[in-house]
Structure formats: structure tokens, C-alpha cells
Amino acid sequence: DGGITQSPKYLFRKEGQNVTLSCEQNLNHDAMYWYRQDPGQGLRLIYYSQIVNDFQKGDIAEGYSVSREKKESFPLTVTSAQKNPTAFYLCASSMIGTGRAEQYFGPGTRLTVT
Amino acid sequence: AQSVAQPEDQVNVAEGNPLTVKCTYSVSGNPYLFWYVQYPNRGLQFLLKYITGDNLVKGSYGFEAEFNKSQTSFHLKKPSALVSDSALYFCAVRDEGGLTGGGNKLTFGTGTQLKVEL
């Protein structure tokens, strides 16, 4: 998990509330990613960013928003529009380039919405 | 579009025996292939990658993977399994063309639970 921190580890919210998950990296990586993990479904990409002040939607962006104001930080907001927000959320980062394609992951945040 | 299949939800093996976790992929260009391991309630840890070159790739913790272009496979192997290898394993693929369009966007398989028993 080294170099990427996510906080908090566990998060509980009531339905209808927005919640922001933190992700910080000190690896000097250009690209950052947010994934959602549900049992039996693997990882699904929510948003990614290759450069400050720019980001793209992944496969399941609806109900989520992000910002990239600093290279080191890529917070994810889970809005009340997300129908099934309870999940394990993983942040990752990587260099951009042919030989450095692997992504490095943070420890994750488990969000429970009731 | 790129995709990955991990045909086995779970693999059981006795400690000391060799293990194989299967992965097949589909990409339009040359593939970049990865294996990750996840322990309960933790993030994913990078094990190894294939970009180009030798078809047998060696990685962390004694794991290796064999790239087979004709069978579009990238199976993870270890000669002698340990109980501590028990975890969830993910295969991932990126199309070479992903460099220009989507950064390092990876597509992950659904994961294979490895259980190593004494």
C-alpha cells in the first residue's frame, strides 16, 4: 500500500448524504484512479485523471464526482444520486508511460450507507 | 474493447504443491498484462507484469506468469504453494493503444480466490 493513503478506513453515512473519500499519494505519479469493488464483480473504474485539473469518467461514473486540484490528491465524492453506494472504494496511481503501466493501490475505504 | 476472464472463482491447493490461477484476455492490439493480489480488507498489491520480451515473467513472492499469445492467456503460477498465499488474485489487461487515449486504464477480471491448505 506504500505511498498512497486513503481515509477513513471505514465510513458510515445515512442515505441522502453526500460523502467525500480522501486519496493522497507521495509517489509523484501523474495518473490517479478511483475504483469500486463489490463481491464477485472485480474492480470497476469510476473516474481517472492523468493531469491536474483534468479527469475523465470511467465505466460507472454516475452518482460520483471528483476533483484534481493538486497532483498528490484525488478526492472522490459519493453523492446522494448514487443508487447503491455501499461498497469498498480503492484509489490507485501510476506513472504514464510504456514501461511503467502498473498501478499502485491504497488500502481502501469501506463505505456503508444505511 | 479490452476484457479479461478468470474462469475459476476459487482454486484449492495443498501446501507444497504447485498452483496455477488462470487468466485469458482480449485486446485489439498488443496487451500489457498484470497480476495483483488482495488480502482481506486491503488494497491490491502488484505482483508482476508482462509488457514485452520473455514470455515467462517472474514477480514477487516466488510467483511467475506465462504469456501465451496464441492462446491469449496469462496464467499465474508458483512451484510450491504456501498457506500464506491464500488470497484473492486479480488479472488485469491494458491495450497498448491505451497510452494515447486513456492513460493507463486497466480492465480487471472478477478475481480468483486461492485457498492453500495444510
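The values are calculated or read from the model by the stated rules, or taken from the named source; none is laboratory data. Since we're looking at a predicted model, the values are computed, not measured. No Cβ is skipped: glycine too gets one built from the backbone with ideal geometry, and neighbour counts run over all protein chains shown. These accessible areas exclude ligands, DNA and RNA; they are computed on the full protein's heavy atoms, side chains included. Shrake-Rupley method; radii C 1.70, N 1.55, O 1.52, S 1.80 Å.
Per residue of B:104-113, other chain Cβ atoms within 10 Å of the residue Cβ number 6 on average.
Computed in the context of the full set of protein chains, the accessible area of segment A:21-114 at 1.4 Å probe radius has 47% of its extent on carbon or sulfur.
List the residues of segment A:73-108 for which accessible area in the full set of protein chains is at least 50 Å² lower than for the chain on its own; 1.4 Å probe, protein heavy atoms only. For segment A:73-108, once contacts with the other chains are taken into account, A:98, A:101, A:102, A:103, A:105 lose 50 Å² or more. Accessible surface for chain A, divided over its residues, is 47 Å² per residue with a 1.4 Å probe. Identify the residues of segment B:65-94 with backbone N under 20 Å of a label point that sits 7 angstrom from the Cα of residue B:118 along the Cα-to-Cβ direction, or state none. Taking a point 7 Å out along Cα→Cβ of residue B:118, the residues of segment B:65-94 whose backbone N falls under 20 Å are B:80-87.
Averaged over the residues of peptide A:37-43, the number of Cβ atoms from other protein chains lying within 10 Å of each residue's Cβ is 5.
The mean number of partner chain beta-carbon atoms within 10 angstrom of a residue's beta-carbon across peptide B:39-45 is 6.
Per residue, the protein assembly as shown reaches 0 deg cm²/dmol at 222 nm when only DSSP H runs of four or more residues are counted, each adding -39500 (n - 2.57). Using r as the Cβ-Cβ distance of residue B:41 and residue B:20, and R0 as 22 Å, what FRET efficiency do you calculate, to the nearest 0.05? According to the calculation, E is roughly 0.25. Accessible surface area normalised per residue over chain B is 45 Å², counting heavy atoms of protein chains with a 1.4 Å rolling probe. Expressed as a whole percent, the accessible area of chain B that falls on carbon and sulfur atoms is 49 (1.4 Å probe). Derived scalar couplings between HN and Hα for segment A:21-34 equal 9, 9, 9, 10, 9, 10, 8, 6, 7, 7, 9, 9, 9, 10 Hz in order, rounded to whole Hz, by the Karplus curve 6.51 cos²θ - 1.76 cosθ + 1.60 (θ = phi - 60°), x for Gly and Pro. Placing R0 at 35 angstrom, the Cβ-Cβ distance between residue B:54 and residue A:9 gives a FRET efficiency of 0.35 after rounding to 0.05. Phi angles across segment B:25-41 convert, under the Karplus curve 6.51 cos²θ - 1.76 cosθ + 1.60 with θ = phi - 60°, into 3J(HN,Hα) values of 9, 9, 9, 8, x, 6, x, 10, 10, 9, 10, 10, 10, 10, 8, x, 6 Hz, Gly and Pro given as x. Just so you know, the Cα atoms of chain B work out to an Rg and Dmax of 13.9, 47 Å. In segment A:22-114, Cα pairs under 8 Å separated by at least six residues give a relative contact order of 29 percent. When the accessible areas of A alone and B alone are added and the area of the pair subtracted, with a 1.4 Å probe, the result is around 2100 Å², both sides summed. In terms of its Cα atoms, chain A spans 42, 26, 23 Å along the principal axes, sorted from long to short.
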